[in-house]
1. Of a type in the set (Lys, Arg), at pLDDT 95 or above and not in a loop (DSSP other than H, G, I, E, B) - does that describe any residue in region 53-66?
2. Is it the case that residue 75 is at pLDDT below 75 and of a type in the set (D, E, K, R)?
3. Closer than 21 Å to residue 7 by Cβ, modelled with pLDDT of 75 or more and part of a loop (DSSP other than H, G, I, E, B), is that true of residue 22?
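The values are calculated or read from the model by the stated rules, or taken from the named source; none is laboratory data. On a predicted model such as this, the values are computed, not experimentally measured, just so you know. With ideal geometry, Cβ positions are generated from the backbone for all residues, glycine too; neighbour counts draw on all protein chains shown.
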Amino acid sequence: MKRTNLVLDEALLRTAVQVFGVKTYSAAVNQALAESIRIKKLQQISKFVGQGIWEGDLSEMRRDARIKKRKASTR
């Protein structure tokens, strides 16, 4: 855990405590940081859409799953 001094907007801090439903300012700041990072990571996913990262045949994969399922149910 890192201890540091920050100058924060009091109104924003009170709002964060209410919105996140936490009891302390530290918990509110930690939750806000975690949420900000999560949102940024989600936004970056769109960079990969259509980039050809995944290669495969989805129809073939689904066919394999149906065959395995049938075999398992006949046992």
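1. no
2. Yes.
3. So residue 22 passes the test.
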